[in-house]
Amino acid sequence: MDASRYRRGIGRVERRRVARASRGHPPLLMPLPDPVDAGNDKVQLCMSELIELVRVYIPDRTAASEPDQRVARGKALGYLDSAYLADLPGPFFGALVRAAVYDPDPSFNRQFVEPLRAAFGAWRTQAAFLEVLLTGTNQERAGAARAWYWATLEVVDDLQARWERAALREFVANEDTDVRRCLPAPAPVPPS
C-alpha cells in the first residue's frame with residue numbers, strides 16, 4: 001500500500017469518527033497504547049533464576065548421560081512431568097511468582113502459575129498475588145492482575161473477596177493505564 005492510500009484511509013477513519021460524534025453517537029474508542037515497560041529484562045532474569053534453580057534442585061531421576069540429563073532438566077523447567085511438582089523446594093515459590101508477575105503475556109504466564117498452584121497450593125499462590133497487588137510497583141500490580149486469572153481456577157473464598165476489594169480500590173485510585181487495563185472492570189454497585 002502506498003503512502004497516499006494509507007493517508008486517505010486514516011482520513012476516512014477520522015472523518016467517520018467526527019461524523020459519528022456530530023450525529024450524537026458515542027465516539028469510536030481508540031485502542032489502548034502498548035504497556036510502557038513490558039519488563040522483558042526482568043522476565044529474562046526470572047528465567048535465568050528458574051534455570052539455575054532447576055540445575056541445582058531438580059534431581060536427575062532417569063538420565064545417565066549428559067544429553068539425557070539436559071532433556072530431563074528441560075522437562076522439569078517446562079513442567080511437562082508432574083512428578084517434579086510434588087517436591088519443588090521453597091526457592092521455586094518466589095522465583096515462579098516473580099516470573100508470573102513480570103511476564104507481560106497473560107496467556108504465557110500460565111506456565112508459571114500452574115506449577116505454583118500444584119506445588120504450593122491455591123491459597124498460598126493467590127495470597128502471593130494479592131500481596132503483590134497491594135504492595136508492588138505499577139508494573140508488578142498489572143502482572144499480578146494478569147496472573148490472578150490462572151491462580152483462581154480453584155477459588156479460595158476469603159482471598160477472592162479480599163482480591164475484589166483491593167482490585168476495585170486499585171482500579172479507582174490508580175491512574176496507570178497498564179494497571180487499570182489488567183484489572184477487570186468493577187461490577188456496578190446496586191443502589192441502596
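With only Lys, Arg, Asp and Glu charged, each at its Cβ (+1 for the first two, -1 for the last two), find how big the charge dipole of region 120-164 is about the Cα centre; round to the nearest 20 debye.
About 160 debye.
Accessible area of L183, 1.4 Å probe, to the nearest 10 Å²?
Answer for L183: close to 10 Å² accessible.
Which of the peptides 141-151, 166-176, 115-125 is most tightly packed, and how do the rest follow, going by the mean number of other Cβ atoms within 10 Å of each residue?
141-151, 115-125, 166-176
Counting only protein chains, not ligands or nucleic acids, how are E140, E52 ordered by accessible area (probe 1.4 Å), most first?
Descending order: E52, E140.
Evaluate the distance, in nm, between pseudo-label points positioned 7 Å from the Cα of E52 and of A118 along their respective Cα→Cβ axes.
2.5 nm
The values are calculated or read from the model by the stated rules, or taken from the named source; none is laboratory data. Quantities reported herein were computed from a predicted structural model and do not represent experimental measurements. When we count neighbours, we look across all protein chains shown, and the Cβ atoms used for this are built from the backbone with ideal geometry, even at glycine. Note: areas computed on protein heavy atoms with side chains; ligands, DNA, RNA excluded. Shrake-Rupley method; radii C 1.70, N 1.55, O 1.52, S 1.80 Å.
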